[in-house]
Amino acid sequence: MSDTASAGARPSYSAPALTKGLEVLELLATAAEALTMKEIADGLGRSKGEIFRMLVALQERGYIERDPASDAYSLSDKLFRLGLHTPAQQDLMSAAMPELAALALATGQSPHLVVIHHGRTVVTAAVPGGEDMSFTLNLGYGRLATDSTSGQVMLAFSPPTRAALIVDECEAQARAPIDRALLGRQLDAIRDRGYELRESRDFVGITDICCPIIGMNGSAIAAVIISYVNRHNRESRHVQTAMALQQSCMIISAKLSPLLTEERRGS
């Protein structure tokens, strides 16, 4: 018996095609923009001939998309959609959707359920609110977590090690270095308030109101954000909406975190 076998080493099984496919997906997941076949080959240290069939197969299966104009490839949302079918995500959706529907009815505004995926926020569910009109973001919409209201709320209620990892993922995709000192002060303020309320970074006339959903380990696993539509002929009810949102997020958190519920009962 060899020394390696006697040491209990695991046998090595080679799957070259699978390895190349995963390398392509991992490279595209960390790329700031779509990559051409040559850029992918160079990034992986492989020839164009080695990855051509892999790109075709991944595109046919819907895991990547090719821009006809630039001939560049990017990830589709298929991996993310597959992730929504995991038990944990299904539990989150089951717990959140009834509360989001009730919140939309009570506030007349549209709540959105948001998670962080590879340093970016992603809208996973939305419920239209409003009698005559509503403002809802498309499912899958997102931006860098460090530069978004919902992302900063989740960062504020995440353990330091996880928050640092997310910030690193954001910086790898950002066009400029992240001012971590400024970000830290922003997160401290959100943590002290328990929520965020500010003008939208993206849309004129919209106020972001956002609260975290706390998981079993006491950190944020998601957030609910209301993109509050400010209207000329109606008084804005930002504070009242924030209070209703906080209550809804506490209910969702309690559904997902029985231990958290017991702690509240004992306090």
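Here's the yes/no breakdown for (1) without any contact (Cβ under 8 Å) to a residue 24 or more places away in the chain; (2) more than 27 Å from Leu105 (Cβ to Cβ):
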{"position": "Asp188", "(1), (2)": "no, yes"}
{"position": "Asp192", "(1), (2)": "yes, yes"}
{"position": "Glu196", "(1), (2)": "no, no"}
{"position": "Glu199", "(1), (2)": "yes, no"}
{"position": "Cys211", "(1), (2)": "no, no"}
{"position": "Gly218", "(1), (2)": "no, yes"}
{"position": "His232", "(1), (2)": "yes, no"}
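When region 172-198 is filtered for residues that are open to solvent by 40 Å² or more (accessible area, probe 1.4 Å), over 17 Å from Asp208 (Cβ atoms) and part of a loop (DSSP other than H, G, I, E, B), the ones remaining, listed by number, are Arg175, Ala176, Pro177, Asp179.
When you look at Gly140, is it of a type outside the set (D, E, K, R), modelled with pLDDT under 95 and touching a Pro at 6+ places or on another chain (Cβ under 9 Å), yes or no? In short, no. Taken together, the residues in region 203-217 that are part of a loop (DSSP other than H, G, I, E, B) and either of a type in the set (A, V, I, L, M, F, W, C) or surrounded by fewer than 14 Cβ atoms within 10 Å (Cβ to Cβ) (or both) amount to 5. Taken over region 30-54, the criterion of being surrounded by 15 or more Cβ atoms within 10 Å (Cβ to Cβ), under 28 Å from Asp168 (Cα atoms) and of a type outside the set (S, T, N, Q) is satisfied by Ala31, Ala34, Leu35, Met37, Glu39, Ile40, Ala41, Gly43, Leu44, Arg46. Out of the residues in region 124-138 meeting the condition of being over 15 Å from Ala96 (Cβ atoms), more than 17 Å from the chain's Cα centre (by Cα) and hydrophobic (A, V, I, L, M, F, W, C), tell me which one is most open to solvent (accessible area, probe 1.4 Å). The residue in question is Met133.
The values are calculated or read from the model by the stated rules, or taken from the named source; none is laboratory data. None of the values given here were measured: they were computed from a predicted structure. Note that each Cβ is placed from the backbone with ideal geometry, even for glycine, and that neighbours are counted across all protein chains shown. When the accessible area is computed, the model is the full protein with side chains, heavy atoms only, and any ligands, DNA or RNA have been set aside. Shrake-Rupley method; radii C 1.70, N 1.55, O 1.52, S 1.80 Å.
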